[in-house]
Amino acid sequence: MNNLVNYQLEQGIATITLDDGKRNALSPEMIAAINAALDRAEADRAMVILTGRPEVFSAGFDLKVMKRGGLPTLRMLGGGFALSARLMAHPYPVVAACNGHALAMGVFLLLSADHVIGTRGPFRIVANEVAIGLTMPRVAVAVLRQRLRPADFQRAVTLSQAYSTEDAVAAGFFDELSDAEGLLALARERVAAFAQLDERAHRESKRRIRRRTIRRIRLSIPLDLWDAVRLALRKKPPRAAA
């Protein structure tokens with residue numbers, strides 16, 4: 001695709017690999033590249049494996065863009081939030097293969113897949129918005145709620161609890177774990193099994209149970225963007241007196 005996202009199609013499986021050479025920040029360019037890869041997967045009628053680079057799936061939104069503020073920040077936030085809804089509605093099975101750390105928007109992307117595999121190791125899984133002074137976005141709340149156990153949902157949202165990979169399975173972030181060396185092989189095995197499902201029944205059943213969540217995400221995006229604008233205005237230094 002480009003130097004941020006690689007697309008590989010093999011036997012009806014599209015492997016979409018995020019790799020910016022660092023922490024896989026979800027910049028506007030990265031988000032656009034992921035959307036382009038999903039466009040291609042839909043055109044190819046392909047199941048998807050979404051994965052990252054060694055030791056990191058994604059550390060969330062690009063902080064450099066966040067600090068600059070303005071329209072680029074709002075477009076990045078809106079694009080990232082919309083990507084969660086798009087993954088939830090992808091017409092074919094989606095497996096997320098988490099290579100290591102996942103933070104903030106990186107977590108929300110993971111939890112938008114049909115099946116999530118984590119990697120054993122000293123990695124952190126955390127929605128850290130509250131820890132860095134941000135009210136948890138409504139979109140993030142909707143994504144977390146549909147995957148996590150109630151008690152862990154509360155801790156993840158209000159306390160920014162960081163989970164080890166083993167604890168992340170019990171909480172609902174991951175469906176299972178793999179060693180790093182076997183991560184992609186296990187993902188392909190799971191996708192191959194899901195290929196035996198009836199395509200129409202899978203698509204319609206997935207959209208039926210997620211319809212409310214997807215609608216809530218789409219309705220929440222403008223509200224979350226308005227919250228971001230208000231936060232930026234509060235932080236803006238007062239103008240000097242004339």
| query | Taking the stretch 60-102 as the region of interest, how many residues are of a type in the set (A, V, I, L, M, F, W, C), surrounded by 22 or more Cβ atoms within 10 Å (Cβ to Cβ) and outside any helix (DSSP H, G or I)? | reply | 7
| Between a first residue in the stretch 132-159 that is charged (D, E, K, R) and a second residue that is at pLDDT below 95, which pairs have beta carbons less than 9 Å apart while being 6 or more apart in sequence or on different chains? | 138/227
| request: Taking the options 191, 169, name whichever one is open to solvent by less than 20 Å² (accessible area, probe 1.4 Å), touching a strand residue (DSSP E or B) at 6+ places or on another chain (Cβ under 7 Å) and part of a helix (DSSP H, G or I). | output: 191
| message | For a quick check of your reading of the model, give me the residue pairs whose first member lies in the stretch 108-120 and is closer than 16 Å to residue 83 by Cβ and open to solvent by 10 Å² or more (accessible area, probe 1.4 Å), whose second is of a type in the set (D, E, K, R) and modelled with pLDDT of 95 or more, with beta-carbon atoms closer than 9 Å and at least 6 apart or on different chains. | response | 114/206
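Can you name the residue in the stretch 1-31 that is of a type in the set (A, V, I, L, M, F, W, C) and open to solvent by 60 Å² or more (accessible area, probe 1.4 Å) and is also nearest to residue 55 (Cα to Cα) among such residues? Before you say what the answer is, go through the steps one by one.
Just the residues of the stretch 1-31 that are of a type in the set (A, V, I, L, M, F, W, C), to begin with: 1, 4-5, 9, 13-14, 16, 18, 25-26, 30-31.
Right, trim to open to solvent by 60 Å² or more (accessible area, probe 1.4 Å) and you get 1, 9.
Numbers: 1: 22, 9: 23 Å.
It comes out as 1.
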| query | Based on what the data block shows, is residue 36 in a helix (DSSP H, G or I) and open to solvent by less than 30 Å² (accessible area, probe 1.4 Å)? | reply | no
| request: Could you tell me whether any residue of the stretch 115-130 is in contact with a helix residue (DSSP H, G or I) (Cβ under 9 Å, 6 or more places away or on another chain), part of a helix (DSSP H, G or I) and within 24 Å of residue 16 (Cβ to Cβ)? | output: no
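Answer yes or no: is there a residue in the stretch 161-168 that is out of contact with any Ser or Thr (no Cβ under 6 Å at 6 or more places or on another chain) and closer than 15 Å to residue 80 by Cβ. Can you show your working first?
Going residue by residue through the stretch 161-168, those that are out of contact with any Ser or Thr (no Cβ under 6 Å at 6 or more places or on another chain) are 161-168.
Adding the requirement that they be closer than 15 Å to residue 80 by Cβ leaves none.
No; the residues of the stretch 161-168 include none that is out of contact with any Ser or Thr (no Cβ under 6 Å at 6 or more places or on another chain) and closer than 15 Å to residue 80 by Cβ.
Within 28 Å of residue 216 (Cβ to Cβ) and without any contact (Cβ under 8 Å) to a residue 60 or more places away in the chain: is that true of residue 79 in this structure?
yes
The values are calculated or read from the model by the stated rules, or taken from the named source; none is laboratory data. The shown structure was predicted, so the numbers you read here are calculated from the model rather than taken from an experiment. Methodologically, a virtual Cβ is constructed for each residue, glycine included, from the backbone with ideal geometry; neighbour enumeration extends over all protein chains shown. These accessible areas exclude ligands, DNA and RNA; they are computed on the full protein's heavy atoms, side chains included. Shrake-Rupley method; radii C 1.70, N 1.55, O 1.52, S 1.80 Å.
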